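Colleague: Pasting a structure here, questions to come.
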Amino acid sequence: MARSRLSIRVELISGHGADLWPRPGRVFAAARSHSFAQFATAIDVAFGRWDLAHLHLFTLSDGTQVSPLDWWDGEAPDDTEDGHTTRLGRLQADEQFAYVFDMGDDWAHLCTVADKRIDPLDELGEAPDRPVPYWGWGSLPD
């Protein structure tokens, strides 16, 4: 199906020195052509963050790190791939990976790619041009 999207579950595990249980979460529809930077923005907005100017970092299951390199002023961790150009298409079904927002408060998330893709018209009624949440649960910390 040409318009299929990845379905990615994102759970907030911890942050600001506290472990969260039950974990609040969101499920996102995202095209394989979307960038990790676009996905990070979608996560941050869906989790109610208002100051999006903090560093963030994805760590994929193979250890690859992805973050917008221009935000690091030349001090990104070694071998970090650029989040603006690295696409979600590199993710596999059932893959788990981590996302950390704000390296000071360390808002840590567990992300899991569903085993099957979804049809955005069935789930959302449209095919959005960016990653969007289509399901969610839990209380978000301030």
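The values are calculated or read from the model by the stated rules, or taken from the named source; none is laboratory data. Remember, it's a predicted structure, so these values are computed and weren't measured experimentally. Glycine also receives a Cβ, built like all others from the backbone with ideal geometry; neighbour counts cover every protein chain displayed. What goes into the accessible areas is simple: the full protein's heavy atoms, side chains included, and nothing from ligands, DNA or RNA. Shrake-Rupley method; radii C 1.70, N 1.55, O 1.52, S 1.80 Å.
Colleague: In the list R23, R3, which residue meets the criterion of being touching a strand residue (DSSP E or B) at 6+ places or on another chain (Cβ under 8 Å), of a type in the set (D, E, K, R) and over 18 Å from T80 (Cα atoms)?
Modeller: Working: R3 fails: touching a strand residue (DSSP E or B) at 6+ places or on another chain (Cβ under 8 Å).
Sole residue among the options that is touching a strand residue (DSSP E or B) at 6+ places or on another chain (Cβ under 8 Å), of a type in the set (D, E, K, R) and over 18 Å from T80 (Cα atoms): R23.
Colleague: OK, next. Which count do you get for residues in segment 89-137 that are surrounded by 15 or more Cβ atoms within 10 Å (Cβ to Cβ), assigned to a strand (DSSP E or B) and in contact with a Ser or Thr (Cβ under 6 Å, 6 or more places away or on another chain)?
Modeller: Summing the residues that are surrounded by 15 or more Cβ atoms within 10 Å (Cβ to Cβ), assigned to a strand (DSSP E or B) and in contact with a Ser or Thr (Cβ under 6 Å, 6 or more places away or on another chain) in segment 89-137 gives 4.
Colleague: Given the criteria open to solvent by 10 Å² or more (accessible area, probe 1.4 Å) and either touching a helix residue (DSSP H, G or I) at 6+ places or on another chain (Cβ under 9 Å) or not charged (D, E, K, R) (or both), does R9 qualify? It would help to see each step written out before you state the result.
Modeller: On the way: open to solvent by 10 Å² or more (accessible area, probe 1.4 Å): yes; either touching a helix residue (DSSP H, G or I) at 6+ places or on another chain (Cβ under 9 Å) or not charged (D, E, K, R) (or both): no.
Against the criterion (open to solvent by 10 Å² or more (accessible area, probe 1.4 Å) and either touching a helix residue (DSSP H, G or I) at 6+ places or on another chain (Cβ under 9 Å) or not charged (D, E, K, R) (or both)), R9 does not qualify.
Colleague: Go through segment 68-84 and give me each residue that's in contact with a Pro (Cβ under 8 Å, 6 or more places away or on another chain) and either part of a strand (DSSP E or B) or surrounded by fewer than 21 Cβ atoms within 10 Å (Cβ to Cβ) (or both).
Modeller: D82, H84
Colleague: Has segment 46-54 got at least one residue that is open to solvent by 50 Å² or more (accessible area, probe 1.4 Å), touching a residue at least 12 places away in the same chain (Cβ under 8 Å) and on the phi < 0 side of the Ramachandran plot?
Modeller: Scanning segment 46-54, I find at least one residue that is open to solvent by 50 Å² or more (accessible area, probe 1.4 Å), touching a residue at least 12 places away in the same chain (Cβ under 8 Å) and on the phi < 0 side of the Ramachandran plot, so the answer is yes.
Colleague: On to the next question. Taking the residues in segment 1-32 that are in contact with a Lys or Arg (Cβ under 6 Å, 6 or more places away or on another chain) and assigned to a loop (DSSP other than H, G, I, E, B) as candidates, determine which candidate is modelled with the lowest pLDDT.
Modeller: Out of the qualifying residues, it is S4.
Colleague: Out of all the residues in segment 112-133, which are in contact with a Phe, Trp or Tyr (Cβ under 7 Å, 6 or more places away or on another chain) and not charged (D, E, K, R)?
Modeller: If the condition is that a residue be in contact with a Phe, Trp or Tyr (Cβ under 7 Å, 6 or more places away or on another chain) and not charged (D, E, K, R), then L124, P131, V132, P133 are the ones that fit.
Colleague: I've got another one for you. List the pairs whose first member sits in segment 1-20 and is touching a residue at least 24 places away in the same chain (Cβ under 8 Å), whose second member is of a type in the set (D, E) and open to solvent by less than 30 Å² (accessible area, probe 1.4 Å), and whose Cβ atoms are under 8 Å apart, counting only residues at least 6 apart or on separate chains?
Modeller: Listed by first residue and then by second, the contacts come to M1/D119; R3/D119; S4/D119; R5/D119; G15/D102.
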